[in-house]
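Colleague: Below are the structure tokens for one structure; questions will follow.
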Amino acid sequence: GSVTDLLARITAKGLADALGQPVVVQNKAGAGGNIGAAEAAMAPADGYTLLLGPTSTNAINSSLYKDLKYHPLRDFAAISDIATVANVLVVNPDVPAKTVRELIALLHTKQYSYASTGNGGSMHLSGELFKSMTKTDILHVPYKGGGAALADLLPGRVQIMFCTLPLCLPHIQSGKLRALAITSSSRSTLLPEVPTVAEAGLPDYEVNGWFGVFAPAKVDPAIIKRLNVEVRKILKQPEVQQQLLAQGAVPDWSSSEQFTKFVKDEHDKWAKVIKTAGISVE
């Protein structure tokens, strides 16, 4: 039921139709996605095992975990991105700040806490990048999932969250949370009146949670090219675009070469943030 699962099922159905054979989705949870990613990385390089990889497994975790059994840049061939999902900076309505600039000023006078769904995830690192760029000290409080984080954010036990848009959107619409900014480079069609963090006073800030399709590193380049073409066809289907946009996910496609460079840039970006913040996960 997660965004990762939804994207995997949409992609699997499209590939099954295009290739004329079943494509089965297997969810391998655990260790921040590392268990499933490692299994895919070590699979035979025949094109029959693919990974629907999010930012965490393919750009972040190699800088977080000391004993990772794969390396995202060495052990995978990047086929294509699928979609991006922005986080939204929200505050409990008791926080007096109504803009990002007001929040930054407030954080220089008083310490608040921000919730995430766990160490090293997109929500956590969105907060750490914000702290680093604003030179503020917000207390990170990790939770075991979005429901637990919201249970403390809504009554104000924690005050701030860099929340995935699908998770917090209903509470923003009901007025139980105040949205200050979107973390991505462009505004969301679901909250068009909410500026990006960069627009709201922090130039160069950008966090996009992204998802892409990967294969074991030594898969034949002809297979990579064929799968890239088919993914593009899937993402151009109007019903697929509607499914993704309804979940706050923006369809996104690029060539294998472009996506390979993008993943490398993301890996290097988050490695720097993680080192600066001194984050590690056992």
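The values are calculated or read from the model by the stated rules, or taken from the named source; none is laboratory data. The shown structure was predicted, so the numbers you read here are calculated from the model rather than taken from an experiment. Backbone-built Cβ (ideal geometry, glycine too); neighbour counts: all protein chains shown. Just so you know, the surface numbers come from the protein's heavy atoms only, side chains and all, with ligands and any DNA or RNA stripped out. Shrake-Rupley method; radii C 1.70, N 1.55, O 1.52, S 1.80 Å.
Okay, residues lined up against (1) over 22 Å from the mean Cα position of the chain (by Cα); (2) among the hydrophobic types (A, V, I, L, M, F, W, C):
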| position | (1), (2) |
| --- | --- |
| L139 | no, yes |
| Q159 | no, no |
| G175 | yes, no |
| A179 | no, yes |
| E199 | no, no |
| Y205 | no, no |
| I234 | no, yes |
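Colleague: Residues that are of a type in the set (V, I, T) and without any contact (Cβ under 8 Å) to a residue 12 or more places away in the chain: which helices (runs of 4 or more DSSP H) entirely in segment 206-282 hold 1 or more of them? Before you say what the answer is, go through the steps one by one.
Modeller: Details: elements: 221-235, 238-246, 256-277.
Where helices (runs of 4 or more DSSP H) fall fully within segment 206-282 and carry at least 1 residues being of a type in the set (V, I, T) and without any contact (Cβ under 8 Å) to a residue 12 or more places away in the chain, they are 221-235.
Colleague: Kindly establish whether Q243 is out of contact with any Pro (no Cβ under 8 Å at 6 or more places or on another chain) and open to solvent by 50 Å² or more (accessible area, probe 1.4 Å).
Modeller: Considered against the rule, which asks whether it is out of contact with any Pro (no Cβ under 8 Å at 6 or more places or on another chain) and open to solvent by 50 Å² or more (accessible area, probe 1.4 Å), Q243 comes out as yes.
Colleague: I need the full set of residues from segment 33-44 which are touching a helix residue (DSSP H, G or I) at 6+ places or on another chain (Cβ under 9 Å) and open to solvent by 40 Å² or more (accessible area, probe 1.4 Å), in order please.
Modeller: Of everything in segment 33-44, just one residue is touching a helix residue (DSSP H, G or I) at 6+ places or on another chain (Cβ under 9 Å) and open to solvent by 40 Å² or more (accessible area, probe 1.4 Å), namely M42.
Colleague: Based on what the data block shows, is P192 closer than 20 Å to V91 by Cβ and either outside any loop (DSSP other than H, G, I, E, B) or open to solvent by 30 Å² or more (accessible area, probe 1.4 Å) (or both)?
Modeller: So P192 passes the test.
Colleague: Look at P251 and say whether it is open to solvent by less than 80 Å² (accessible area, probe 1.4 Å), closer than 17 Å to G53 by Cα and at pLDDT below 95. Don't jump to the end; show me each part of the working.
Modeller: Working: open to solvent by less than 80 Å² (accessible area, probe 1.4 Å): yes; closer than 17 Å to G53 by Cα: yes; at pLDDT below 95: yes.
In short, yes.
Colleague: Let me ask something else about it. Within segment 55-84, which residues are open to solvent by less than 10 Å² (accessible area, probe 1.4 Å), assigned to a strand (DSSP E or B) and under 25 Å from S188 (Cα atoms)?
Modeller: Answer for segment 55-84, where residues must be open to solvent by less than 10 Å² (accessible area, probe 1.4 Å), assigned to a strand (DSSP E or B) and under 25 Å from S188 (Cα atoms): S80, I82, A83.
Colleague: I would also like to ask the following. Residues that are part of a strand (DSSP E or B), open to solvent by 20 Å² or more (accessible area, probe 1.4 Å) and more than 25 Å from L68 (Cβ to Cβ): does segment 151-172 have at least one?
Modeller: no
Colleague: Next question, about the same structure. Do any residues in segment 166-177 that are over 16 Å from G156 (Cα atoms) have Cβ atoms under 7 Å from those of residues that are open to solvent by less than 50 Å² (accessible area, probe 1.4 Å) and in a helix (DSSP H, G or I), where the two are at least six apart or on different chains, and which pairs are they?
Modeller: Partner pairs satisfying both residue conditions: P166/V3; L167/G146.
Colleague: Taking segment 210-240 only, how many residues are open to solvent by less than 10 Å² (accessible area, probe 1.4 Å) and within 21 Å of H267 (Cα to Cα)?
Modeller: 6
Colleague: Listed residues T109, T49; which is open to solvent by 10 Å² or more (accessible area, probe 1.4 Å) and farther than 20 Å from L180 by Cα?
Modeller: Unique residue meeting the criteria: T49.
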